[in-house]
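Everything on this sheet refers to the single structure shown next.
The values are calculated or read from the model by the stated rules, or taken from the named source; none is laboratory data. Predicted model, so just to flag it, every value in this text is computed and none were measured. Please note: Cβ atoms are built from the backbone with ideal geometry, for glycine as well, and neighbour counts cover all protein chains shown. Accessible surface is based on the protein model in full, side chains and every heavy atom, while ligands, DNA and RNA are left aside. Shrake-Rupley method; radii C 1.70, N 1.55, O 1.52, S 1.80 Å.
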Amino acid sequence: MISLLDIRARIADGTLSAADAVRAARERIAARDPAIGAVLRTAPEAAAVPERGPLAGIAVGIKDIIDTADMATECGSSIHAGWRPRADAAVVSRLRALGAVPLAKTATTAFAGLDPAATVNPRDPGHTPGGSSSGSAAAVAAGMLPLALGTQTGGSVIRPAAFCGIAAIKPSFRLLPTVGVKTFSWALDTVGLFGASVADIAHALALIAERPGIEAPAPERPRLALCLQDFAGSADADALAALDRAARAAERAGASVRDLVLPEPFARAWAAHPTVQDFEARQALAWEYAEHRDALPPVLRGQLDRAQDLTAADYDAARREAHRARRLLKELFSDVDAILTVSSVGRAPKGLGSTGDARFNRLWTLMGVPCVSVPVPGDGLPLGVQVIARFGDDGRALAVARMIEEALGRA
């Protein structure tokens, strides 16, 4: 994989130019992507590459539901084939202002839903890379790009990061703007980042969000709570083993670790997530459903069919459950620096007929809190663990995640 920080260090010491760094990314895409299918299109080569800016030389993958003025945004669907926005999404404009080059549109499931894209897992092409940010995760994992944008409504950043063995963050809700991003659920959709390491995504997020404090160090002895989310069902044995390895690594690095059983209101909030998501998706995709229902892929079409029966009363009740759980979570964080849990049910499922299961992600998306996926080294396909902090404390989530990542690397 390609480190954003390494590229920037080489540019700073004069051994690499920004233009050459972006050119190398184009060459890697041309060489590697035909076997992976992560990249849909690249920006015109005639575009100038900025030589100045804190992200100069960084080629970025942009999930194909995020608008780019110089490349089509098709939302993974023939319904929007060839659509060219007049303007960049806000987060893409910010990347350009920092000197980065939004180089590639990366594959997404249709409208960031559950129907798989054609992308394969770079670690084993017989397995899914996860979704819905399939192409962004795969492009970083395959060493094509040092940074990529995804979005998460259920588990679409954290899960593919775990399946592909890379670092990722779903930031606090609305830390990064969603203006210019195709909406699925306005109460849940969150722009996230993929990178080779936790340090890479921390640096990128601090710059994009204009919050340098995000790169602050971890507390000297962070207090971690190990959480299994029993109401979501059981994780696979290898996922639980990875979680245990991460917890033991955190203890060796100086953290204290205790078990946490989430009380009943969290189970109700977890169960309420699909109601919030689908009630909003029914409205966000109303035109596509009314005018092009038969062109929607089968899983999404069925999801929207069922959503027609949801009422405003159902939606309001689900939002109340979410609100109660958020208040309780704020209290839980009064004596805990971060929660540690699995990133996914297990390793990437075999075959390309599914993007995996978001059951261990969706509660935290509903809570709006920052989640960082940390790769856990081991044999076979990758596994990851999630580090979760209180709302707005993205820096602490990243700092604890980096501490765990470094401790696992020393083991």
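Of note:
- Within segment 94-118, residues that are at pLDDT 95 or above have Cβ atoms under 6 Å from residues that are of a type in the set (D, E, K, R) and surrounded by 24 or more Cβ atoms within 10 Å (Cβ to Cβ) in these pairs: K105/D64; T106/K63; T108/K63; T108/D64, counting only partners at least 6 apart in sequence or on another chain.
- Residue ID - farthest from A325 (Cα to Cα), chosen from residues in segment 370-392 that are surrounded by 21 or more Cβ atoms within 10 Å (Cβ to Cβ) and not aliphatic (A, V, I, L, M): P382
- Only a single criterion out of (1) surrounded by 24 or more Cβ atoms within 10 Å (Cβ to Cβ); (2) within 15 Å of the chain's Cα centre (by Cα) is not satisfied by V400, namely (2).
- The set of residues from segment 176-201 being out of contact with any strand residue (DSSP E or B) (no Cβ under 8 Å at 6 or more places or on another chain) and under 29 Å from L408 (Cα atoms) comprises just one member, A199.
- Lone unmet requirement of (1) under 19 Å from the mean Cα position of the chain (by Cα); (2) crowded, with 24+ Cβ neighbours inside 10 Å; (3) not hydroxyl-bearing (S, T, Y) for L114: (2)
- If you go through segment 13-26 and keep only what is in a helix (DSSP H, G or I), open to solvent by 60 Å² or more (accessible area, probe 1.4 Å) and either farther than 12 Å from L103 by Cα or modelled with pLDDT under 95 (or both), you end up with just D20.
- Those residues of segment 215-237 which are assigned to a helix (DSSP H, G or I) and surrounded by 17 or more Cβ atoms within 10 Å (Cβ to Cβ), in sequence order: A232
- Of everything listed in (1) buried (at least 24 other Cβ atoms within 10 Å of the Cβ); (2) out of contact with any Lys or Arg (no Cβ under 7 Å at 6 or more places or on another chain), the single unmet condition for V157 is (2).
- Residues of segment 91-111 that turn out to be assigned to a loop (DSSP other than H, G, I, E, B) and surrounded by fewer than 24 Cβ atoms within 10 Å (Cβ to Cβ), as a count: 2
- Single match in L381, L366 (criterion: touching an Asp or Glu at 6+ places or on another chain (Cβ under 7 Å) and modelled with pLDDT of 95 or more): L381
- Answer from I62, I36 - the residue that is of a type outside the set (D, E), under 26 Å from V179 (Cβ atoms), at pLDDT 95 or above and in contact with a strand residue (DSSP E or B) (Cβ under 9 Å, 6 or more places away or on another chain): I62
- Residue check, R10 charged (D, E, K, R), in contact (Cβ under 8 Å) with a residue 24 or more places away in the chain and surrounded by 14 or more Cβ atoms within 10 Å (Cβ to Cβ): no
- Of V181, V140, all but one fail to be β-branched (V, I, T) and more than 28 Å from A35 (Cβ to Cβ); the exception is V181.
- Of the criteria (1) farther than 25 Å from I388 by Cβ; (2) open to solvent by 10 Å² or more (accessible area, probe 1.4 Å), which one P349 fails: (1)
- Residues of segment 249-307 classified as open to solvent by 30 Å² or more (accessible area, probe 1.4 Å) and among the hydrophobic types (A, V, I, L, M, F, W, C), total: 10
- Note on segment 238-265: residues that are farther than 22 Å from R362 by Cβ and assigned to a loop (DSSP other than H, G, I, E, B) total 3.
Listed here are the residues, each with its yes/no results for (1) open to solvent by 50 Å² or more (accessible area, probe 1.4 Å); (2) in contact (Cβ under 8 Å) with a residue 24 or more places away in the chain; (3) touching a helix residue (DSSP H, G or I) at 6+ places or on another chain (Cβ under 7 Å).
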| position | (1), (2), (3) |
| --- | --- |
| P34 | yes, no, no |
| P44 | yes, yes, no |
| G53 | no, yes, no |
| G57 | no, yes, yes |
| I62 | no, yes, yes |
| A72 | no, yes, no |
| S78 | yes, yes, yes |
| R84 | yes, no, no |
| A89 | no, yes, no |
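- Scanning segment 39-56 for residues that are of a type in the set (A, V, I, L, M, F, W, C) and assigned to a strand (DSSP E or B), we see that the one that is farthest from A204 (Cα to Cα) is L40.
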